[in-house]
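Written out below as structure tokens is the structure these notes cover.
The values are calculated or read from the model by the stated rules, or taken from the named source; none is laboratory data. Since the model is a prediction, treat every value here as computed from it, not as a measurement. We place every Cβ from the backbone using ideal geometry, glycine too, and count neighbours over all the protein chains shown.
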Amino acid sequence: MYAASFVGWLYEFNQDLTFKREINLEFLTEAKDGGGIMRTIDEWRDYLILYYPGRDGANPYDPHFIRDHYLLEKVDPETGKSEPIIKIPPISRYASDAFYERPWIHFSVLDDLLYLILDNEPLIHIYDLSQGDGKFLKTIPISPSNFMDNGEHSEKYQYISGSKMLDGSVRQVFPTQQGIAVYYTEGINEDVFMENELFNPDNFSEYPNHQRQILKIVQPDSTLSNEISIPHKIQRILNIESLDKPFYALRHDEYLGEEQDYLTFYKLQLKQK
């Protein structure tokens with residue numbers, strides 16, 4: 001079992017979850033923050049796929065990092081040696097010369113396919129890991145009915161989301177044989193954000209009261225399901241391995257005002273109408 005730290009340091013654990021070893025890569029990461037609940041590590045064949053920016057000194061905070069660099073590393077866990085994979089496709093706005101809010105990068109792997117997400121751009125980019133450095137296959141739009149976006153910036157290093165409004169965010173993607181489950185939040189517009197002083201850290205817990213969290217299914221033919229509104233008593237979905245089998249989610253104790261010394265999980269099942 002493998003895990004990555006908040007900034008990408010890589011570890012192996014025993015089956016009983018006790019620490020086994022740290023896996024040292026060939027260079028140090030330049031990341032100074034992490035993606036929270038977003039998946040930035042996965043397994044493919046005998047390799048680990050990892051978001052670990054810093055190869056050749058690349059700066060992930062550069063406004064054109066996504067355009068100019070490989071985004072992920074394919075790591076041999078036995079040796080720590082890695083090679084860069086996955087380039088952003090031209091359809092993404094981050095492949096252009098324009099400036100936008102810095103997104104979180106995350107992904108999931110199923111069989112030979114990797115599903116890449118930039119959280120504030122509602123697109124799923126699909127690659128074939130069995131071909132070279134990850135052959136780009138296609139992009140699927142998620143097409144939310146509401147997804148806040150502060151748009152193109154007039155200059156680099158502007159941070160608008162979280163200070164004047166809140167961007168929509170694709171938080172989790174679960175590819176399965178029956179389709180892709182996508183979980184996202186819609187964001188909060190500027191009027192509501194400023195009126196309720198949501199820029200104040202003391203009010204961060206109020207975010208759920210002003211935006212929906214949505215689960216949407218992308219069918220194998222790329223058609224989209226209806227939007228399933230997820231109640232805010234659910235904090236996060238742990239995993240969806242199959243659309244026709246139950247899955248689990250973590251209860252949002254803080255939102256409910258019922259914080260405990262233990263965790264509570266919900267067992268959920270999708271039903272097609």
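Name the residues in the range 13-31 that are within 11 Å of GLY80 (Cβ to Cβ) and among the acidic types (Asp, Glu), would you? Please lay out each step first, then the result.
So the first thing to find is which residues in the range 13-31 are within 11 Å of GLY80 (Cβ to Cβ), and the list is 21-27.
Listed by number, the residues that qualify are GLU22, GLU26.
In the range 63-75, what count of residues is obtained for those that are in a helix (DSSP H, G or I) and surrounded by fewer than 20 Cβ atoms within 10 Å (Cβ to Cβ)? Please lay out each step first, then the result.
If we filter the range 63-75 for residues that are in a helix (DSSP H, G or I), which is where we start, we get 65-68.
Among the residues that remain, those that are also surrounded by fewer than 20 Cβ atoms within 10 Å (Cβ to Cβ) are: 65, 67-68.
Result for the range 63-75: 3.
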Exercise. Inside the range 105-119, can you point out the residues that are in a loop (DSSP other than H, G, I, E, B) and more than 12 Å from the chain's Cα centre (by Cα)?
Worked result: ASP111, ASP112
For this session: Could you list, in sequence order, all residues of the range 247-262 that are small (Gly, Ala, Ser) and surrounded by 13 or more Cβ atoms within 10 Å (Cβ to Cβ)?
Result: ALA249
Exercise. When LEU256 is evaluated against the numbered criteria (1) over 20 Å from GLY187 (Cα atoms); (2) touching a residue at least 40 places away in the same chain (Cβ under 8 Å), which criterion, by number, is the only one it fails?
Worked result: (2)
Exercise. Here are some conditions: (1) closer than 20 Å to VAL182 by Cα; (2) touching a helix residue (DSSP H, G or I) at 6+ places or on another chain (Cβ under 7 Å). TYR94 meets all but one. Which one does it not meet?
Worked result: (1)
For this session: From (1) closer than 20 Å to ARG102 by Cβ; (2) part of a strand (DSSP E or B), pick out the condition that doesn't hold for ILE180.
Result: (1)
Problem set entry | Of residues in the range 127-138 being surrounded by fewer than 21 Cβ atoms within 10 Å (Cβ to Cβ) and touching a residue at least 12 places away in the same chain (Cβ under 8 Å), the one farthest from THR176 (Cα to Cα) | ASP133
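Of the residues PRO53, PRO84, which single one is modelled with pLDDT of 95 or more and not hydroxyl-bearing (Ser, Thr, Tyr)? Give the steps one after another, and end with the answer.
Details: PRO53 fails: modelled with pLDDT of 95 or more.
PRO84 is the lone residue from the list that is modelled with pLDDT of 95 or more and not hydroxyl-bearing (Ser, Thr, Tyr).
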Exercise. Listed residues TYR70, TYR11, TYR2; which is farther than 23 Å from VAL182 by Cα, out of contact with any Leu (no Cβ under 7 Å at 6 or more places or on another chain) and touching a residue at least 40 places away in the same chain (Cβ under 8 Å)?
Worked result: TYR70
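Sort out which residues of the range 82-98 are buried (at least 16 other Cβ atoms within 10 Å of the Cβ) and farther than 14 Å from ASP128 by Cβ, and write them in order of number.
Initial filter on the range 82-98 (buried (at least 16 other Cβ atoms within 10 Å of the Cβ)): 82, 84-89, 92-94.
Selection gives SER82, PRO84, ILE88, SER92, ARG93, TYR94.
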For this session: Scan (1) within 23 Å of LYS156 (Cα to Cα); (2) surrounded by fewer than 16 Cβ atoms within 10 Å (Cβ to Cβ) for the single condition PRO60 breaks and write down its number.
Result: (2)
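One line per residue, one yes/no per condition, for (1) of a type in the set (Phe, Trp, Tyr); (2) closer than 24 Å to LEU123 by Cα; (3) within 19 Å of the chain's Cα centre (by Cα); (4) in a loop (DSSP other than H, G, I, E, B):
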position	(1), (2), (3), (4)
LEU17	no, no, no, yes
ARG21	no, no, no, no
LEU25	no, no, no, yes
PRO77	no, no, no, yes
GLY80	no, no, no, yes
PRO90	no, yes, no, yes
PRO103	no, yes, yes, yes
Problem set entry | the range 229-246, subset out of contact with any helix residue (DSSP H, G or I) (no Cβ under 6 Å at 6 or more places or on another chain) and free of Cβ contacts under 8 Å to residues at least 40 places away in the same chain, residue surrounded by the most Cβ atoms within 10 Å (Cβ to Cβ) | GLN235
Exercise. Would you say ILE237 is touching a Lys or Arg at 6+ places or on another chain (Cβ under 8 Å) and among the β-branched types (Val, Ile, Thr)?
Worked result: no
Problem set entry | Restricting the range 139-185 to residues that are touching a strand residue (DSSP E or B) at 6+ places or on another chain (Cβ under 9 Å) and without any contact (Cβ under 8 Å) to a residue 40 or more places away in the chain, the residue that is farthest from ASN239 (Cα to Cα) | MET165
